[in-house]
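K.L.:
Sharing a structure here in structure tokens format.
The values are calculated or read from the model by the stated rules, or taken from the named source; none is laboratory data. Predicted, not measured: the structure shown is a model, and the values here were computed from it. Reconstructed Cβ throughout: ideal geometry from the backbone, glycine too, with neighbour counts over all protein chains shown.
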Ligand code: HEC
């Protein structure tokens, strides 16, 4: 057998197996599924990482209203993470006056979560079929945030992150 043909015969099945595995890789349509307990812990961890990252990126790089805001960089990060099939995350402004209008509360869960977070609730959750939705508050960190969010008071729980985690099917 000619060497090239031999190589094809030997590697062909490996390529086919790799291709079929690639099709099963997690994605937004085929998300990673975990238990409700794991989902809550994952969201607590993500919230800690995301909020700290936004505040640190902001204080390190954002010096005026012309600099790209930390929240926008974070939104791109949320999109990249969700595309890999991990937890979905989106910004929300609980008073429906988001700088990016896509971040105003948009369905029943988000509207009711926004109300409860503004009243001081530390966490709002809802089980919807095989997904768990969790809203956690993001208060305005300090006065430097008001350069671009002049209507919001420091410490007010006006912002939120809304997480959606795919649960194991029963
Ligand atoms: C340079 C201007 C600027 C500064 C400073 C800034 N933001 Fe923002 N922020 C924005 C913009 C613009 C958006 C919308 C980003 C997008 O399109 O995703 C936004 C989005 C948000 C959102 C989501 C709701 C919305 O309005 O779209 C929250 C919550 C938020 N910022 C909190 C903060 C916090 C907390 C700080 C201070 C640590 C801060 N921002 C500082 C400009 C800024």
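K.L.:
Taking segment 147-170 as the region of interest, how many residues are within 16 Å of the ligand (Cβ to nearest atom) and farther than 13 Å from residue 43 by Cβ?
P.N.:
Looking only at that region, the number is 13.
K.L.:
For segment 88-123, what are the residues that are in contact with a strand residue (DSSP E or B) (Cβ under 7 Å, 6 or more places away or on another chain), closer than 21 Å to residue 155 by Cβ and touching a residue at least 40 places away in the same chain (Cβ under 8 Å)?
P.N.:
Answer for segment 88-123, where residues must be in contact with a strand residue (DSSP E or B) (Cβ under 7 Å, 6 or more places away or on another chain), closer than 21 Å to residue 155 by Cβ and touching a residue at least 40 places away in the same chain (Cβ under 8 Å): 91, 92, 93, 94, 113, 114, 117.
K.L.:
If you take the residues in segment 128-141 that are more than 7 Å from the ligand (Cβ to nearest atom) and out of contact with any strand residue (DSSP E or B) (no Cβ under 8 Å at 6 or more places or on another chain), which one is nearest to residue 55 (Cα to Cα)?
P.N.:
128
K.L.:
Further question on the same structure: Please go through (1) near the ligand (Cβ under 8 Å from one of its atoms); (2) more than 11 Å from the chain's Cα centre (by Cα); (3) at pLDDT 95 or above; (4) farther than 18 Å from residue 123 by Cα for residue 34 and return the number of the only condition it doesn't satisfy.
P.N.:
Here residue 34 clears every test but (1).
K.L.:
Regarding segment 129-146, can at least one residue be identified that is exposed (fewer than 15 other Cβ atoms within 10 Å of the Cβ) and closer than 17 Å to residue 42 by Cα?
P.N.:
Checking segment 129-146: at least one residue is exposed (fewer than 15 other Cβ atoms within 10 Å of the Cβ) and closer than 17 Å to residue 42 by Cα.
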